[in-house]
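The structure appears below as structure tokens.
The values are calculated or read from the model by the stated rules, or taken from the named source; none is laboratory data. These figures come from a predicted structure and were not determined experimentally. Here Cβ is always computed from backbone atoms with ideal geometry, including for glycine, and neighbour counts include all displayed protein chains.
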Amino acid sequence: MSFQLKIDLRQLNTFLTIAKVGSFSRASEKLFVAQPALSRQIRLMEEALNAEVFVRHGRGVVLTVAGELLYEKAMTIFQDIERTQAAVAAISGEVTGQIVLGMLPTAADAFSGSIIEEYRRKYPRVRLSVKSAMSGTLQQMVSQHRVDLAVTYNHGKHKHVQQTPLIEERLYLICPPSGDIAMRQSISLEEVLDLPLVMPEEKHGLRELMEKEAVKHQKKLQLAIEVNAWPLMTDLVKRGLGYTVLSHASVYEMVARKEVVAIPIDAPELHRSLAIVTPRDLPPSLATLKLAEVIISQVTLQVADGIWKGRPLFNKNALDSISAPSDYGLAET
């Protein structure tokens, strides 16, 4: 089989760099290539494709419709090349490549840090990038292949991603260390709903959960402050400006430093589930599977040590479900 290619990888790499930085001059500095040479590469590529990929303006360039399609396809090509290199290297038993991990802002620092530390120790030749976003955004990034694997809240069926259950965690009222409530051994959900709460905006999964519970109890959520930055949310609680609801793991170190108190919510208990999310239409690389293995191992350790108050949802075949080839390209209805 012979291929007659009109464009090459160097041109595609130049195109991607210009698209990312938004100008020929900045791309020239980044690639250490003279700007006229970059312009010539793009001109030859546009002639070969019979389409313009950039619109020039005073401050740089933006993609045309054809350029947006090329950007998407070019990113896929380079990701496939990296996966191919990693797969071939894996034959010799070495894990290499590049991987992007997505984590929730409310994931405990100790958990995120332990994953990264252990993964770097075991697989130093893998380039690891970590992105933080809300659950829905992370799932979208996974479906678009911008993130290889993410730890998110389980939102049920999603036709573009595969979810492997990870842990069901119990939710706690997080309050300042002073005051009568801080002395409580537990607190009812109905009492929590009457407190001034520090909550993220409506599209956040935690906010949606609390709004639903308020409706069930025929109450309205008492919002003291609305904030999306998780460190600020817990800092405001520490300052006595309200209360919030999180898992024990999210504030484990703050509780240990006696900056906040975590009180179990009962009557009824509140829980939420986390999952490992991977693309449904793309087989995971060896580096991705090894990352999932480290995540499962760290969850197991933190539950055993009492850092994470929850119930593991995975079994010994969890990694098999992530790598099962029968799932590729299928969509749930």
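Mind telling me which of the residues ARG10, ARG26, ARG43, ARG59 ends up being among the charged types (D, E, K, R) and surrounded by 14 or more Cβ atoms within 10 Å (Cβ to Cβ)? Going through ARG10, ARG26, ARG43, ARG59 in turn, the sole match is ARG26.
Considered as a group, the residues in segment 303-323 that are surrounded by fewer than 16 Cβ atoms within 10 Å (Cβ to Cβ) and farther than 26 Å from ARG280 by Cβ include one that is modelled with the lowest pLDDT, and that residue is GLY306.
Within segment 132-181, the only residue that satisfies the criterion of being of a type in the set (Lys, Arg) and under 15 Å from the mean Cα position of the chain (by Cα) is ARG146. Considering every residue within segment 307-325, establish whether at least one is more than 20 Å from the chain's Cα centre (by Cα), of a type in the set (Asp, Glu) and closer than 29 Å to HIS145 by Cα. Looking for residues that are more than 20 Å from the chain's Cα centre (by Cα), of a type in the set (Asp, Glu) and closer than 29 Å to HIS145 by Cα, one finds at least one in segment 307-325, hence yes. Of the residues making up segment 29-38, those that are surrounded by fewer than 15 Cβ atoms within 10 Å (Cβ to Cβ) and either basic (Lys, Arg) or out of contact with any Ser or Thr (no Cβ under 7 Å at 6 or more places or on another chain) (or both) number 5. From the list ALA89, ALA27, ALA19, the lone residue that is on the phi < 0 side of the Ramachandran plot, at pLDDT below 90 and within 29 Å of the chain's Cα centre (by Cα) is ALA89.
Determine, yes or no, whether ARG121 is assigned by TED's automatic domain parsing to the domain that holds LEU301, in contact with a strand residue (DSSP E or B) (Cβ under 9 Å, 6 or more places away or on another chain) and either among the hydrophobic types (A, V, I, L, M, F, W, C) or exposed (fewer than 15 other Cβ atoms within 10 Å of the Cβ) (or both). Judged against the criteria, ARG121 is not a match.
Scanning segment 178-187 for residues that are of a type in the set (Asp, Glu), in a loop (DSSP other than H, G, I, E, B) and without any contact (Cβ under 8 Å) to a residue 60 or more places away in the chain turns up at least one hit. Screening PRO176 on (1) surrounded by fewer than 13 Cβ atoms within 10 Å (Cβ to Cβ); (2) touching a Phe, Trp or Tyr at 6+ places or on another chain (Cβ under 9 Å) shows it passes everything except condition (1).
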